Amino acid sequence: MATEAPEQAPQADGIQSLSISEAPPSSSSNPTIQMSLEEKYQLLRSVAEECIQEDELRNLLAHKSEPIAYDGFEPSGRMHIAQGVMKTINVNKMTSAGCRVKIWIADWFAMLNNKMGGDLKKIETVGRYMIEIWRAAGMNLDNGKVEFLWSSKEINAKADEYWPRVMDIAQKNNLKRIIRCSQIMGRNEQEDLTAAQILYPCMQCADIFFLKADICQLGMDQRKVNVLAREYCDDIKKKNKPIILSHHMLPGLQQGQEKMSKSDVSSSIFMEDEEAEVNLKIKKAYCPPNVVEGNPCMEYVKYLILPWFDEFIVERSEKNGGNKTFKGFEELAADYESGELHPADLKSALSKALNKILEPVRSHFKNDKTAKQLLQSVKNYRVTK
């Protein structure tokens, strides 16, 4: 029985794995150029707030010309800029550094975690909408370096390979260790988890080996299950452990919101928000004068605007200091802390830069019939947690 897909598992008819070869030009998309080993390392390292382990990453790049990097997502509602813009930046960096990127569309996982009410058809629609977002945003999809893989389809196709791995991971870990991974689902250890949510971390850990990933490139909130995968390598005497590149989690718009959440609209700017909506949300965002730490507007510039444009342009009257172009975050932080840069000028420049990034996405969802229909469907769905 362990080698067969569950009899009652929802079918994934019509869901295809995608390897997309065309994308619109973007400021965040770089053509493939010859890089030294150190340049590749520095580019990949810039993706992550934390790397486990740096020496292993250097060794991987020295011995494998095309490492496999894995990222994944639950299709669970509209996409905010923390997911849409940041993933575009990070994937483009990874492919520029020579990686092949496998993006795991975790439809079964979303069902296990009760996203979209556990309705697999709705989840599939949301997944297709998200792919349209990244395509329009300028994710570099040339040369087949990026694959979108639907978990339901891939697992069903190789059930005899997948489920024994899940069972082995479950057998080698106690319940307490698995529950500690509940953060990966947006849960906490004190919640009354369903049996499905106990299975989830074992499956996500298995994904890493199933996809033959050399690098796990996910957010800091996924760190615990990635560490579980490295511990599992010790259990099975596997020498080459997956390297963890955990990116920073962008905060929500308001004070105290540790990360953007699509279930909390007050915390998020969505990828298809109109220009006026973006302007209003940034205007209302928490942005204390002279304070950099814990300031979401400063973080958006650091992690989105500067990596995208390689600069941050502030336009203001001569009376207020005149126009200024910042090439790095340290200079920007110094001006803001000293009061040389006022919150109103920061917000105005941030809104303008974000709208420039989002305009191709808005245009795509207005002018492409399929994308327009997908967005309307997703907006009509009730987001469930």
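The values are calculated or read from the model by the stated rules, or taken from the named source; none is laboratory data. In this text, all values refer to a predicted model and were calculated from it rather than measured experimentally. In this analysis, Cβ positions are derived from the backbone assuming ideal geometry, glycine residues included, and neighbour counts consider all displayed protein chains. In case anyone asks, the SASA skips ligands and DNA or RNA and just uses the protein heavy atoms, side chains included. Shrake-Rupley method; radii C 1.70, N 1.55, O 1.52, S 1.80 Å.
Odds and ends about this structure:
- In segment 236-265, the residues that are surrounded by fewer than 13 Cβ atoms within 10 Å (Cβ to Cβ) and either within 20 Å of LYS356 (Cβ to Cβ) or in contact with a helix residue (DSSP H, G or I) (Cβ under 9 Å, 6 or more places away or on another chain) (or both): ILE236, LYS239, ASN240
- For segment 117-133, a residue qualifies if it is open to solvent by 10 Å² or more (accessible area, probe 1.4 Å) and either acidic (Asp, Glu) or touching a Phe, Trp or Tyr at 6+ places or on another chain (Cβ under 7 Å) (or both), and the qualifying residues are ASP119, LYS122, GLU124, GLU132.
- Out of LYS324, LYS281, LYS319, sole residue that is among the basic types (Lys, Arg) and within 25 Å of the chain's Cα centre (by Cα): LYS281
- Residue count, segment 324-347 (criterion: under 14 Å from MET298 (Cβ atoms) and among the hydroxyl-bearing types (Ser, Thr, Tyr)): 2
- Looking across segment 157-174, the residues that are assigned to a helix (DSSP H, G or I) and buried (at least 19 other Cβ atoms within 10 Å of the Cβ) come down to TYR162, TRP163, ARG165, VAL166, ILE169.
- Helices (runs of 4 or more DSSP H) completely within segment 314-385 that count 2 or more residues being in contact (Cβ under 8 Å) with a residue 60 or more places away in the chain, touching a Leu at 6+ places or on another chain (Cβ under 8 Å) and open to solvent by less than 100 Å² (accessible area, probe 1.4 Å): 343-367
- One residue stands out in segment 275-317 among those that are more than 19 Å from GLY84 (Cβ to Cβ) and of a type in the set (Ser, Thr, Tyr): the one that is modelled with the highest pLDDT, namely TYR286.
Residue-by-condition table, conditions (1) over 25 Å from VAL292 (Cβ atoms); (2) open to solvent by 10 Å² or more (accessible area, probe 1.4 Å); (3) at pLDDT 90 or above:
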position	(1), (2), (3)
GLY186	yes, yes, no
ALA196	yes, yes, no
ALA213	yes, yes, yes
GLY219	no, no, yes
LYS224	yes, yes, yes
ASP234	yes, yes, yes
ILE269	no, no, yes
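- Residue match in segment 197-214 (condition: outside any helix (DSSP H, G or I) and free of Cβ contacts under 8 Å to residues at least 60 places away in the same chain): no
To keep it simple, each residue is scored yes or no on (1) touching a Pro at 6+ places or on another chain (Cβ under 6 Å); (2) farther than 19 Å from LEU211 by Cα; (3) surrounded by fewer than 12 Cβ atoms within 10 Å (Cβ to Cβ); (4) at pLDDT 95 or above.
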site	(1), (2), (3), (4)
GLN8	no, yes, yes, no
ILE20	no, no, no, no
ALA23	no, yes, no, no
MET35	no, yes, no, no
LEU44	no, yes, no, yes
CYS51	no, yes, no, yes
LEU61	no, no, no, yes
GLU74	no, no, no, no
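- All of (1) touching a helix residue (DSSP H, G or I) at 6+ places or on another chain (Cβ under 6 Å); (2) more than 22 Å from LYS93 (Cα to Cα) hold for GLU340 with one exception: (1).
- ALA69 vs. criteria in contact with a helix residue (DSSP H, G or I) (Cβ under 9 Å, 6 or more places away or on another chain), open to solvent by 20 Å² or more (accessible area, probe 1.4 Å), outside any loop (DSSP other than H, G, I, E, B) and modelled with pLDDT of 95 or more: no
- Of all residues in segment 89-113, those that are of a type outside the set (Gly, Ala, Ser), closer than 30 Å to GLU38 by Cβ and part of a helix (DSSP H, G or I) total 7.
- Among the candidates LEU228, LEU245, the residue that is touching a strand residue (DSSP E or B) at 6+ places or on another chain (Cβ under 7 Å) and more than 30 Å from LEU374 (Cα to Cα) is uniquely LEU245.
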